[in-house]
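Student: Quick one: the structure is below, and I'll ask about it shortly.
Bear in mind these aren't lab numbers, they're just calculated from the coordinates by the rules spelled out. As the structure is a computational prediction, the values presented were derived from the model and not from experiment. Here the Cβ is made from the backbone with ideal geometry for all residues, glycine too, and neighbour counts use every protein chain on show.
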Amino acid sequence: MRIDFANLQRQYQAYKEEIDQAIQKVLDHGKYIMGPEVAELERGLEVFTGARQAITCSSGTDALLLAMMALNIGPGDEVITTPFTFIATAEAIALLGAKPVFVDIDQTTCNIDVSKIEAAITESTRVIMPVSLYGQPADLDKIGCTARRYGLKVIVDGAQSFGAAYRKKAEVHFCDLYTTSFFPAKPLGCYGDGGAVLTNDEVLAEKIRMLRVHGQSQRYHHKYIGLGARLDTIQAAILGVKLKYYPDDLSKRQNVARIYTKLLKTNNLKLKTPFVKEDRTSVWAQYSIRIKNRDMLQKKLKEKGIPTAIHYPAPLHLQECFSYLGYERGDFPAAEAVSSEILSLPMNPYVTEEESLMIVQTIKDMGIESK
Ligand SMILES: Cc1ncc(COP(=O)(O)O)c(C=O)c1O
């Protein structure tokens, strides 16, 4: 049995006819940049989330840049975020000349620990940027309250969480700007790079629409210094097809996660399964377990042909590129502990019950039962 981690080929096969047709349509009409499929996708994303405005762009990283550029974030500003995320979150802050300020995570969800945010706020803080890690929103109500009290903006890095619900609504309704990624392996992925910024703020949306095309208000008239950060029409066409089937993909992902959790729990294994808070859903960008002898388990699974991944082996405050920030080992004990124990199992809509059983059996065979 060969198990695939993200199984992108299988998903393409499932929608092949429609995707091929959508791509061919773009090749035929020739509007490869900002073709009609881009606006159609943006309307689709708005309907899906209830957001007033969706602005697609070239990646999740550029979505973060655009969101912060719309708020004029730059040198002298501080942005509070988590050290336990993909590099892009803090990299985008630093690229704009602002300072990433890390706050440790809550070990139960791996998301930013809201009880620690207030202590990190200074005169220079402008934005709180939670990340919806593995597909689960952070404590957005509490983050919103803190932000309002100090006059800060909230940008949610939802690169992993498009389609997740917080108190039954999309995350965009609990922040100023929500960014996401359509990187192929994301729950809603295209076949190249892609991303979007979603917001209910029409003024910010208008600015972001200009920023993504070199800050231009009309052709060759540039109001802002911006980026070349558009989503290609072909990627928009692919996403347009995939968005139609996304609710079904999401329920399949939920089901895979449910089966993993059930099997891992009933087998009484010495590991922690993911915890999703009651008032929100995860889109299961990853199904990540915590286990003490992680590296050994990863090796064993690999020998059996089971691919896994580590999201993430080193928290950002310990990355060489951020050494100038002056953080040290021990500064964020929760992020450090989780990074040494976390392991993501194969997750995609097509993981079968048989495959889950085989994966769990392999873990069990390693002798990590608690009794
Ligand atoms: C949390 C987080 N932020 C930002 C990004 C960047 O997205 P992209 O790869 O589309 O630039 C990613 C993607 O891996 C991510 O997981």
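Student: Roughly how many whole Å is it from the C-alpha centroid of region 135-154 to that of region 214-268?
Tutor: Computed from Cα coordinates, the inter-centre distance equals 23 Å.
Student: Given the C-alpha atoms of region 175-272, compute the convex hull and give its volume per residue in Å³.
Tutor: That works out to 151 Å³ per residue.
Student: Could you give me the radius of gyration and the Dmax of the chain, taking only the C-alpha atoms into account and expressing both in angstrom?
Tutor: Calculated on Cα positions, Rg and Dmax stand at 20.6, 70 Å.
Student: Using the structure shown, list the pairs from Lys99/Lys292; Lys270/Lys302; Lys277/Lys364; Lys116/Lys168 with a Cα-Cα distance above 22 Å, or answer none.
Tutor: Too far apart for the 22 Å limit: Lys99/Lys292; Lys277/Lys364; Lys116/Lys168.
Student: Under 5 Å between amide hydrogens, which residues at least 5 positions from Thr125 or on another chain qualify, with H placed 1.01 Å from N in the peptide plane?
Tutor: Glu78
Student: OK, next. Note down the net charge around Ser58, summing +1 for each Lys or Arg and -1 for each Asp or Glu among other residues with Cβ under 11 Å from its Cβ.
Tutor: Around Ser58, the charge tally is -1.
Student: Say a paramagnetic label sat at a point 7 Å from the Cα of Asp141, along Cα to Cβ; which residues of region 276-298 have their backbone N under 18 Å from it?
Tutor: 276-282
Student: Straight-line reach from Lys207: which lysines have a Cα under 22 Å away, not including same-chain ones fewer than 8 places off?
Tutor: Lys153, Lys223
Student: Could I ask something else about it? So what are the ³J(HN,Hα) numbers for region 319-329, from phi and the Karplus equation (6.51, -1.76, 1.60; θ = phi - 60°), rounded to whole Hz, Gly and Pro as x?
Tutor: Once θ is set to phi - 60°, the couplings for region 319-329 become 7, 4, 5, 9, 4, 5, 6, x, 6, 10, 4 Hz.
Student: For region 9-22, in order, what is each residue's ³J(HN,Hα) by Karplus, 6.51 cos²θ - 1.76 cosθ + 1.60 with θ = phi - 60°, in whole Hz (x at glycine and Pro)?
Tutor: 4, 4, 5, 4, 4, 5, 10, 3, 4, 5, 5, 4, 5, 5
Student: Quick one: net charge around Pro349, please, counting Lys, Arg +1 and Asp, Glu -1 for every other residue with C-beta under 10 Å from its C-beta.
Tutor: Net of charged neighbours comes to +1.
Student: Say R0 is 35 Å: what FRET efficiency, to the nearest 0.05, do Met366 and Ile87 get from their beta-carbon distance?
Tutor: The calculated FRET efficiency here is 0.70.
Student: As a test, work out the antiparallel percent of DSSP beta bridges whose residues both lie in the chain, rounded to the nearest 5.
Tutor: 65
Student: What are the ³J(HN,Hα) couplings of region 170-177, residue after residue, when phi is run through the Karplus curve with 6.51, -1.76, 1.60 and θ = phi - 60°? Round to Hz, x for glycine and proline.
Tutor: 5, 4, 3, 7, 10, 8, 7, 9
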